[in-house]
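This report refers to the structure that appears directly beneath it.
Read-outs: derived from the displayed coordinates by stated rules, not from any lab. Computed from a predicted model, the values in this text were never measured in an experiment. Cβ coordinates were reconstructed from backbone atoms using ideal geometry, including for glycine residues, and neighbour counts include every protein chain displayed.
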Amino acid sequence: MSENPVSSPMNRRTFVKTVSAAGIGVAAFGPQLFAATTRPTGSRKRYAIVGVGSRHHMYQDAIERTYPQHAELVGLCDTNAGRLELARTRSTRNEATPPPAFLARDFDRMLAETKPDILIVTTVDATHDDYIVRGLLAGVDVITEKPMTTTAEKCQRILDARKKSGRNLRVTFNYRYSPPRTQVKDILMSGEIGEVRSVDFHWMLNTHHGADYFRRWHGEKKNSGGLMVHKATHHFDLVNWWLGAMPATVMATGKREFYTPTMAKRFGLQSHHERCHTCPEKEKCGFFMDLAASPSLKSLYLDQERYDGYFRDQCVWNPRIDIEDTMNVLVNYDNGVTLAYSLNAFNAWEGYTIAFNGTLGRLEHTIVEQVYVNGTDTVQGGIAAGGVTTRVVPLRGEPRTLEPWTGTGGHGGGDKVMLDEIFLPEVPADKYQRASDERGGAASILVGIAANRCFETGQPVKIGELVTGLTPPHYAPMPSRTAPLPMPAKVGRLPS
Ligand SMILES: NC(=O)c1ccc[n+]([C@@H]2O[C@H](COP(=O)([O-])OP(=O)(O)OC[C@H]3O[C@@H](n4cnc5c(N)ncnc54)[C@H](O)[C@@H]3O)[C@@H](O)[C@H]2O)c1
């Protein structure tokens, strides 16, 4: 079995550090994440990135290619020396001067020497807390990828460090910014279906993208928190934000039914193996991934294995996997709304269906996603042609199908909208309040962390008992839950 990237011994190759600390003062990326911000003309924000795998590309390219007049990359950090070198090469390709690279053991030195205004955290999930806390306590604002972290204890450390440091922490929930999902928020805010009383939400991962979680570091809870945290953080955050409410109690069941050694045999394989690259049954396995055949996967992972022993193509049938592939969750919200949610990772199609049941009608929304594999040229969260359906069904009368709001690029156009908000100096106030800080980050992961506890104990879990000092995030105002409602129209002649 391959080594865990978090704990693997590191190659001790060192990098030459060239940056001299420029005298740009430390400033927040906004005293409030939600308020409009203005940056003095001519000043560029200094960014450092820790974790230079697949996801960091979006941020590095944003800094060096899309917003170079507003942003400057001053440092790169990772446990893997080979991927660090690749990231530096990427800079050169972008016609930027490569920033200095630091091995993870030199992270604090990177902060001290390169003096970033903002640290971007794109490492393995279970390591986020360490870098977030060290960044905040060093006086740096932090932007972290989802999930904010993976356990309640780590969440508490982050909440405490945020308060103690007074610095800002932003959690990049890009799904909120996807135009069709913003449209759903817009309809809910408008009051067209009254106030929401319950939600039915079902997310499917297909056997391309879904299977991929079982090949990578994500397949072990100690790295990812399982799909309830790693993946469902997006989904629970969407519901929290769509409703403008805080989750209160969670009940859940979870199991792994498909990605198991038993299923390997039922599909006609002799056994599970360590990885695809050396698999003796690669010709027979429909889940074989050929790292060597993909230039991007080869350079990012296969060629860098010698530095940390991490295999990107671990066997999806291997018993090392301890995450679930079939999960059902019930959540009660502080405003009385109930959520029924499911996540299935071996599905025939990828995407979701959600229905909001309101006092004046029902909002139904479905998105079908394109086939995607992380680290390849496929578009992450890309929406299939004609893949969005959104309709409002009033209590009485005809359903209304909406023309979907659209965008282009990753996550249905959400990545671009979010990056504009992060990197452009003048940000218009956002009526949907899509920017999220540590409170939104915590509210979403705590549902998944609670679900993980339920899987073990079979008992309901109260979110308020998992951490202390968590206040509800600021959400956009939602329809009143007490105002008088218009009486639904009388039904005409009853059907005979
Ligand atoms: N918002 C989204 O839609 C989205 C999409 C993809 C990934 N992500 C998130 O981005 C993060 C990175 O995911 P990825 O797909 O790039 O994974 P990846 O495996 O491609 O990259 C992870 C990187 O972290 C490095 N790393 C591991 N342990 C480290 C440590 N202790 N210190 C420093 N570096 C370390 C690895 O060497 C690797 O370069 C994850 O948290 C993931 O959840 C978010």
* Neighbour net charge for Ile158 - beta-carbon separation under 9 angstrom, K R +1, D E -1 -> 0
* Asked: Between Lys265 and Asp420, 0.36 nm times their residue separation minus their Cα-Cα distance comes to what?
  -> 50.9 nm
* Asked: Spin-label point model (7 Å from Cα, Cβ direction): what's the Asp334 to Lys163 distance in nm?
  -> 1.5
* Asked: What are the lysines whose alpha-carbon lies under 21 Å from the alpha-carbon of Lys284, with same-chain residues fewer than 8 places away excluded?
  -> Lys265
* Structure fact -> With a Förster distance of 30 angstrom and the Cβ-Cβ distance between Asp322 and Asp377, calculated FRET efficiency to the nearest 0.05 equals 0.45
* **Normalised contact order of the chain, rounded percent, pairs of Cα under 8 Å and 6 or more residues apart** => 22
* To do: Of the listed pairs Lys45/Lys231; Lys221/Lys416; Lys222/Lys255, which have alpha-carbon separations greater than 21 Å here?
  => Lys45/Lys231; Lys221/Lys416
* Asked: Given R₀ = 25 Å, FRET efficiency for Arg306-Thr89 by Cβ-Cβ distance, to 0.05?
  -> 0.90
* Report the local net charge at Trp242: Lys and Arg +1, Asp and Glu -1, summed over other residues whose C-beta lies under 10 Å from its C-beta. => +2
* Asked: Distance in nm between label sites at Arg105 and Glu153, each 7 Å beyond Cα in the beta-carbon direction?
  -> 2.5
* Say R0 is 51 Å: what FRET efficiency, to the nearest 0.05, do Thr253 and Lys284 get from their beta-carbon distance? -> 0.95
* To do: Read phi for every residue in segment 54-63 and hand back ³J(HN,Hα) as whole Hz from Karplus 6.51 cos²θ - 1.76 cosθ + 1.60, θ = phi - 60°, with x for Gly and Pro.
  => 4, 5, 5, 3, 4, 6, 4, 5, 4, 5
* Hey, rough spin-label estimate for Thr97 and Arg65, points 7 angstrom out along Cα→Cβ, what's it come to in nanometres? -> 2.2
* To do: Would you please classify the overall shape of segment 261-308 from the alpha carbon gyration tensor, given that a ≥ b ≥ c denote the square roots of the eigenvalues, rounded means a/c under 1.5, and beyond that prolate means a/b larger than b/c while oblate covers the rest?
  => prolate
* Structure fact -> Dividing the mean separation of Cα pairs under 8 Å (6+ apart) by the residue count of segment 45-171 yields a relative contact order in percent of 24
* Asked: Longest exposed-loop-site-free stretch of the chain, with GluC sites (Glu not before Pro), DSSP loop and at most 12 other Cβ within 10 Å?
  -> 96-282
* For Lys146, net neighbour charge (Lys/Arg +1, Asp/Glu -1) across residues whose Cβ lies under 9 Å away -> -3
* Asked: For Arg197 and Ala112 in the same chain, what is the full-extension length gain: residue separation times 0.36 nm, less their Cα-Cα distance, in nm?
  -> 25.6 nm
* Structure fact -> Counting only DSSP beta bridges with both partners in the chain, the antiparallel fraction in percent, to the nearest 5, comes to 60
* **³J(HN,Hα), Karplus 6.51/-1.76/1.60, whole Hz, each residue of segment 203-208, x for Gly, Pro** => 10, 10, 10, 7, 7, 9
* Structure fact -> Checked segment 338-482 with the C-alpha gyration tensor, a ≥ b ≥ c its square-rooted eigenvalues, rounded below a/c of 1.5, otherwise prolate if a/b is larger than b/c and oblate if not; verdict rounded
